[in-house]
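Novice: Dropping a structure here in structure tokens format, bear with me for questions.
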Amino acid sequence: MDLGVARLIRDRWLEYGFDSARLVPYDVLLAYPSRDPNRLSGVSLLEADGTVVVESQQQEAGISDPEAEPPFNAYSASGEVQGDLVYVNFARAEDFQTLVRDVGVDPTGKICIARYGKIFRGNKAKLAAQFGCAGLILYSDPEQCVADGWPVWPDGWMMPSTGVQRGNVKDSTWKGDSLTPFYPANEYAYRLDEQDANLSAIPVHPISYGVAREILRNMAGPEAPVEWQGGLDITYHLGPGYTGPASSRTVRLVVNQDREVRTTYNVIGTIRGAVEPDRYVIVGNHHDAWVYGSVDPSSGTAVMLELGRALGKLKAEGWRPRRTLVFGSWGAEEQGLIGSTEFVEDYIRSLQERTVAYLNCDSAAAGNFSIAMWASPILHSLIREAAKKVPDPHEPSKSLYDTWRLKRPEEEGNPDTRPKIGRLGSGTDFTPFFQHAGITALDMWNDIDPAFGFGYPLYHSAYETFDLPDRFIDPDWTVHQSVGRLWGEMAVTLADALVLPLDVRDYAETLQKMMDELRDEHGSRLAAQSIGLEHLESAIANFTRATTTFHQSLGTVDKLNPLAVRAVNDRLMKLEGAFIDPLGLPDRPWYRHVAFAPSSVNSYAGQSFPGLADALFDIDNVNPADLAARWELVRRQLAVTTFTVQSAANTLVNNLF
């Protein structure tokens, strides 16, 4: 399947007139659910005599396609466990802490059940193992996938009781192939043994909320806190086990997965630059999916193909970009950002030296409410200006910027502010470019109304078919069109501008906000340990002055002198790389960006000053025997962060010595 789709994309790009399009293969560890009737995975609720009360389905109701992937969580440990059940809410660190410290329910040796949502499912699996769970069951609670008054599939686009979210549950210590961290998975790569890889230590399996209701509804133990009560028509209890006539019941969790090294294929297409062919503006999307993937990633794939067709038409009419446009269609993203990570690890030296920016779009139309964006601060100005040039898909008399600002204001409740641009965490293919290589990046999509409180409901289920965008999200396809126009506007601007439209002052503004947040959250705690923030504050002040002076100097650049233009552009495009620490973050050295990284307890969320944040996480509850070492780690990470900000400031100073 991967090869067939990859060839189709390659052939389309060649048909559109790209200068080149080729397949780039890597041999990586992939996980698949067993299809052997004697080795199927699933969850069962059992009576004491073994009678099955309810069991999870092998496929969603109404799906008869024999090739449709059954529900599973890739890279789960295989095995069978049976015993008492404990409800752990979202399986976040704070949920387990509440369960153990405040309520006194011990999950050790129990099968735990958790709602999807709030954090990356791989973090749930890792935390469940750390807290001693024998296995983990995941389900989409109606509170996270069904809005009041909205019909479920097939009459609407809310999740029905038979829908199941798939997804990988890798430990996010590193991204890409599990057996070749830091290096490309090519024919001569050194490969780890699987027991040394970043794979789940316990069995994990997803079920529907219809099955979850039957498993949860007679649980014993304390009533779950109010904020742990979900959307099922039951009272949630914590367990362990069951009560009343169901008191002898147990839960059985069986996972059988096959792992093997297989070839995945990236597709790389180029439109070569006329003046600076060795400078790259990269646009990317992945082409693999859980089952049909009409939104993730196919809505983004369709838009990227259309963007390629449009640029190919311009090229046929005589246009050629100043810099090279690179199109990347990545393989095996869903199994841990594998294709993009292997590509970055393979070409990291060249990419760091030559790449202007990486612009990612997975799900062009995950909703029809408004555009949503995560980005490096240096891209903020470019993004805002590009959005002003694109008509809104629902109100063409207004710009995308106008409606975005009203619907997602930077300051909550104040539509007169700029539109909100989030901080990059992880979760898709910008991660290796930004977090590992230090290349400026963004991720964009059109999202569901945040008032729902969740992302698009049919995410990673077998119901994510072409019908979903065609009937419910974007029947006239104008949302897809607007995302393509915005994506193209940004890419072409970066490829064609004489002086790169990157505003270093936005980086300084963001760092100052992060400094304020750090002081507000941890200032008194740090002061109690005689740890001051004055050196970091000074470094950020120096960075701010350097960005102001540098931006002013752009007005005096001799634009007729190609060496002068090249010099300022190189400093602009390489500023991001100045925030890379070659030693990486504590306990996760693959992540090297000192200013931004995914949270160590939620890979989806962006974390500011991540080395410091990791060191300070839950420090008030650290074992007293370990506390002194933790505070030393805080001091070290504060020094690293301060040095990195000052070092980045120095890259912008003209006469440093």
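The values are calculated or read from the model by the stated rules, or taken from the named source; none is laboratory data. None of these values were measured; they are calculated from a predicted model. When we count neighbours, we look across all protein chains shown, and the Cβ atoms used for this are built from the backbone with ideal geometry, even at glycine. For the accessible areas, the whole protein counts, side chains as well, though only heavy atoms, and no ligand, DNA or RNA atoms are used. Shrake-Rupley method; radii C 1.70, N 1.55, O 1.52, S 1.80 Å.
Novice: If you scan the range 98-112, which residues turn out to be buried (at least 24 other Cβ atoms within 10 Å of the Cβ) and over 24 Å from residue 600 (Cβ atoms)?
Specialist: Answer for the range 98-112, where residues must be buried (at least 24 other Cβ atoms within 10 Å of the Cβ) and over 24 Å from residue 600 (Cβ atoms): 110, 111.
Novice: Among what's in the range 274-288 and is surrounded by fewer than 21 Cβ atoms within 10 Å (Cβ to Cβ) and not acidic (Asp, Glu), pick the residue that is nearest to residue 352 (Cα to Cα).
Specialist: 277
Novice: Between residues in the range 420-432 that are at pLDDT 95 or above and residues that are assigned to a helix (DSSP H, G or I) and open to solvent by 10 Å² or more (accessible area, probe 1.4 Å), which pairs lie under 6 Å by C-beta distance while being six or more apart or on different chains?
Specialist: 421/380
Novice: Checking the structure you have, find out if any residue of the range 510-517 is of a type in the set (Lys, Arg), in contact (Cβ under 8 Å) with a residue 12 or more places away in the chain and open to solvent by 20 Å² or more (accessible area, probe 1.4 Å).
Specialist: Among the residues of the range 510-517, not one is of a type in the set (Lys, Arg), in contact (Cβ under 8 Å) with a residue 12 or more places away in the chain and open to solvent by 20 Å² or more (accessible area, probe 1.4 Å), which makes the answer no.
Listed here are the residues, each with its yes/no results for (1) modelled with pLDDT under 95; (2) buried (at least 21 other Cβ atoms within 10 Å of the Cβ); (3) aliphatic (A, V, I, L, M).
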| site | (1), (2), (3) |
| --- | --- |
| 303 | no, yes, yes |
| 315 | no, no, no |
| 331 | no, yes, no |
| 353 | no, no, no |
| 374 | no, yes, no |
| 378 | no, yes, yes |
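Novice: A further question follows. Might you let me know whether the range 365-375 holds any residue that is in contact (Cβ under 8 Å) with a residue 24 or more places away in the chain, of a type in the set (S, T, N, Q) and part of a strand (DSSP E or B)?
Specialist: yes
Novice: Something else now. Of the conditions (1) within 27 Å of the chain's Cα centre (by Cα); (2) touching a residue at least 12 places away in the same chain (Cβ under 8 Å); (3) more than 22 Å from residue 166 (Cβ to Cβ), residue 94 clears all except one; give me its number.
Specialist: Every listed condition holds for residue 94 apart from (2).
For every residue, the table says whether it meets (1) at pLDDT 95 or above; (2) of a type outside the set (S, T, N, Q); (3) open to solvent by 40 Å² or more (accessible area, probe 1.4 Å); (4) closer than 23 Å to residue 255 by Cβ.
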| residue | (1), (2), (3), (4) |
| --- | --- |
| 96 | yes, yes, no, yes |
| 115 | yes, yes, no, yes |
| 121 | yes, yes, no, yes |
| 126 | yes, yes, yes, yes |
| 132 | yes, yes, no, yes |
| 143 | yes, yes, yes, no |
| 154 | yes, yes, yes, no |
| 160 | yes, yes, no, no |
| 166 | yes, yes, no, yes |
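Novice: Further, regarding this structure: Looking at 485, 505, 525, which one is open to solvent by 40 Å² or more (accessible area, probe 1.4 Å), in a helix (DSSP H, G or I) and closer than 25 Å to residue 447 by Cα?
Specialist: Being open to solvent by 40 Å² or more (accessible area, probe 1.4 Å), in a helix (DSSP H, G or I) and closer than 25 Å to residue 447 by Cα holds for just one of 485, 505, 525, which is 485.
Novice: May I pose another question? Give the residues of the range 205-242 that are hydrophobic (A, V, I, L, M, F, W, C), crowded, with 21+ Cβ neighbours inside 10 Å and part of a helix (DSSP H, G or I), sorted by residue number.
Specialist: Selection gives 211, 212, 215, 216.
Novice: Now for a different question. With respect to residue 250, is the statement that it is surrounded by fewer than 17 Cβ atoms within 10 Å (Cβ to Cβ), more than 30 Å from residue 563 (Cβ to Cβ) and either at pLDDT 95 or above or not hydroxyl-bearing (Ser, Thr, Tyr) (or both) true?
Specialist: So residue 250 fails the test.
Novice: In the range 412-459, how many are surrounded by fewer than 16 Cβ atoms within 10 Å (Cβ to Cβ) and part of a helix (DSSP H, G or I)?
Specialist: Of the residues in the range 412-459, 2 are surrounded by fewer than 16 Cβ atoms within 10 Å (Cβ to Cβ) and part of a helix (DSSP H, G or I).
Novice: How about the range 171-197: which of its residues are under 20 Å from the mean Cα position of the chain (by Cα) and within 24 Å of residue 109 (Cβ to Cβ)?
Specialist: Result: 171, single match.
Novice: Got a sec? Which of 336, 308 is under 25 Å from residue 352 (Cα atoms), in contact (Cβ under 8 Å) with a residue 12 or more places away in the chain, open to solvent by less than 10 Å² (accessible area, probe 1.4 Å) and over 20 Å from the mean Cα position of the chain (by Cα)?
Specialist: Testing whether each residue is under 25 Å from residue 352 (Cα atoms), in contact (Cβ under 8 Å) with a residue 12 or more places away in the chain, open to solvent by less than 10 Å² (accessible area, probe 1.4 Å) and over 20 Å from the mean Cα position of the chain (by Cα) leaves just 308.
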